[in-house]
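*Asks:* Shown below is the structure under consideration.
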Amino acid sequence: MRSKEWLIPLFCFVFVTPVYAQQVCNQPTPQFSSQYFEDQEDGTVVDKRAKLIWMRCALGQSWKNGICVGNPEKLNWENAKQAVQKVNQDPQYFYNDWRLPSLKEIAMIVDLRCKNPRINLSAFPDTAPSAFWTSSSKLVDGPELKAYAMDFGSGGLVLSNVNARHYVRLVKTAD
């Protein structure tokens, strides 16, 4: 009986701990080149083509020693918009004009040559292969408001119920 005592903690660890699959990239597909990204060494990266500054980490995480630490927060769409307002009032984020990315903006950071997640991990380390909110919304079936999210897993663009909970990555226009 004593030999089975270790099975319960092991079972809990395996099934409760979030583990992301290893990113796999298809080399023959043209790479979404990191030459377009300029590291600002402050937790942000500039997309030189689009003239945008992105937070390298999802909301809830912090940039420390070249990696994103902590757990990213999943928020519904309204709470994501409110979180942007809080970030813009906090001097630790350097700027006060962060926003949710548009559909077009977030699509520009998708790396189709990779999966789990479909994003350049050099520019955006520790990104979950999950959905991230955009600022783009649509009325569906009459008055029901839905918002778009980009799923960096296998889902791609999704039209999601605004009460669903997704991650948030903020962007701003480069000066």
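*Asks:* Under 20 Å Cα to Cα from residue 172, which lysines show up? Leave out anything in the same chain fewer than 8 places away.
*Replies:* Leaving aside lysines fewer than 8 places away in the same chain, those within reach of residue 172 are 48, 51, 81, 86, 104.
*Asks:* With only alpha-carbon pairs counted, each pair once and no self-pairs, how large is the Kirkwood hydrodynamic radius of the range 46-175 in angstroms?
*Replies:* With all distinct Cα pairs of the range 46-175 included, I get 14.9 Å.
*Asks:* Something else about it: What chymotrypsin sites (Phe, Trp or Tyr not before Pro) does the range 85-173 have in DSSP loop regions with at most 16 other beta carbons within 10 Å? Kindly include the intermediate steps, with their values, before the conclusion.
*Replies:* Numbers: sites: 93, 94, 95, 98, 132, 133, 148, 152, 167; in loops: 94, 95, 98, 152.
Listed in order of number, the matching sites are 94, 95.
*Asks:* Residue 115: which aspartates and glutamates have alpha carbons under 16 Å from its alpha carbon, excluding same-chain residues fewer than 8 sequence positions away?
*Replies:* Residue 115 reaches 126, 151.
*Asks:* With a 10 Å Cβ neighbour count serving as the proxy for reagent exposure, in which order, fewest first, do 108, 150 appear? Each step should come with its number before you reach the end.
*Replies:* Numbers: 108 17, 150 27.
Going from sparsest to densest Cβ surroundings: 108, 150.
*Asks:* Can you work out ³J(HN,Hα) from phi for every residue in the range 109-120, in order, using Karplus 6.51 cos²θ - 1.76 cosθ + 1.60 and θ = phi - 60°, giving whole Hz and x for Gly and Pro?
*Replies:* Each residue's phi maps through the Karplus curve to give 9, 6, 10, 5, 7, 10, 9, 6, x, 8, 7, 6 Hz.
*Asks:* Now for a different question. Compute the whole-percent fraction of alpha carbon pairs in the range 94-171 spaced more than 20 Å apart.
*Replies:* Summing the P(r) tail past 20 Å for the range 94-171 gives 31 percent.
*Asks:* Could you line up 74, 48 from fewest to most neighbouring Cβ atoms inside 10 Å?
*Replies:* Ascending number of Cβ neighbours within 10 Å: 48, 74.
Only the coordinates and a few stated rules stand behind these numbers; no lab work does. Given the structure is predicted, the values throughout are model-derived calculations rather than measurements. With ideal geometry, Cβ positions are generated from the backbone for all residues, glycine too; neighbour counts draw on all protein chains shown.
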